[in-house]
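Since the structure comes first, as structure tokens, the remarks are kept for the end.
The values are calculated or read from the model by the stated rules, or taken from the named source; none is laboratory data. Everything numeric in this text was worked out from a predicted model, so none of it was measured. Don't worry about glycine lacking a Cβ; one is built from the backbone with ideal geometry, like all the others, and counts go over all protein chains shown.
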Amino acid sequence: MEQGRLASVHMRTSEPTNKLRPDAEAHDPAHPRTRMRSGEVFPFGIYTVPEISMVGKSEQQLSRENIPYEVGIARYEELAKGQMMGGMPGFLKLIFCPTTLKLLGVHAIGEGATEIIHIGQVVMSTGGTMEYFRNAVFNYPTLAEAYRVAGLNGLSKIEALRNSEV
């Protein structure tokens, strides 16, 4: 390096196995790291009573952008953990693409919302789909079980639509 400039035009450092990546190549919008930096999968939490937390897009954003979506919802009182905690109010909502099943957003309201939002964040940051929630095993009884319930709720809506079109 000379005065902050690269001495090589062959995209290599002084270490022969290291190849430099130009900015255009390094900024891949589909790459999970880029999506995390852009705030697309950055979780937000509001520590009120009840807690509110979200990651990804909202239904309003998707409507404004004319992006089709479907939702799956789980209410806390439907969960064994919610019943153990006195039937506390709250819910988890998964927003996803009806054709690819890709997870687009997660919203939670209720006790522990800021704790469970990270499951959705991880699925979104890896480009995961609703199939993850159908196949994943969640501890029982936990509020995390809401992901499975909401996932199955959303997938059942898609299956009902597909069956009605036949």
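Tell me yes or no: at least one residue of the stretch 61-79 is touching a strand residue (DSSP E or B) at 6+ places or on another chain (Cβ under 8 Å), over 27 Å from A160 (Cβ atoms) and either at pLDDT 95 or above or surrounded by 14 or more Cβ atoms within 10 Å (Cβ to Cβ) (or both).
The answer is no; no qualifying residue exists.
How many residues does the stretch 98-145 contain that are in contact with a strand residue (DSSP E or B) (Cβ under 6 Å, 6 or more places away or on another chain), outside any helix (DSSP H, G or I) and aliphatic (A, V, I, L, M)?
Adding up the residues that qualify gives 7.
Identify, please: which residue in the stretch 138-166 is out of contact with any Asp or Glu (no Cβ under 6 Å at 6 or more places or on another chain) and among the basic types (K, R) and is, among those, farthest from G90 (Cα to Cα)?
R162
Assess whether I67 counts as being of a type in the set (V, I, T) and either in contact with a Ser or Thr (Cβ under 9 Å, 6 or more places away or on another chain) or in contact (Cβ under 8 Å) with a residue 40 or more places away in the chain (or both). Spell out the reasoning first.
On the way: of a type in the set (V, I, T): yes; either in contact with a Ser or Thr (Cβ under 9 Å, 6 or more places away or on another chain) or in contact (Cβ under 8 Å) with a residue 40 or more places away in the chain (or both): no.
Answer is no for this residue.
Regarding the stretch 150-157, can at least one residue be identified that is within 18 Å of S53 (Cβ to Cβ), among the hydrophobic types (A, V, I, L, M, F, W, C) and free of Cβ contacts under 8 Å to residues at least 24 places away in the same chain? Step through it out loud before you land on a result.
Step one: filter the stretch 150-157 for residues within 18 Å of S53 (Cβ to Cβ), giving 150-151.
Retained after the next criterion (residues that are among the hydrophobic types (A, V, I, L, M, F, W, C)): 150.
Now restrict to residues that are free of Cβ contacts under 8 Å to residues at least 24 places away in the same chain: none.
Within the stretch 150-157, none of the residues are within 18 Å of S53 (Cβ to Cβ), among the hydrophobic types (A, V, I, L, M, F, W, C) and free of Cβ contacts under 8 Å to residues at least 24 places away in the same chain.
Can you tell me which residues in the stretch 80-114 are modelled with pLDDT under 95 and more than 18 Å from G45 (Cβ to Cβ)?
A80, K81, G82, Q83, M84, M85, G86, G87
Scan P50, P141, P98 and give me the residue that is within 22 Å of A160 (Cα to Cα) and in contact (Cβ under 8 Å) with a residue 40 or more places away in the chain.
Values: P50 fails: within 22 Å of A160 (Cα to Cα); P141 fails: within 22 Å of A160 (Cα to Cα).
Of P50, P141, P98, the one residue that is within 22 Å of A160 (Cα to Cα) and in contact (Cβ under 8 Å) with a residue 40 or more places away in the chain is P98.
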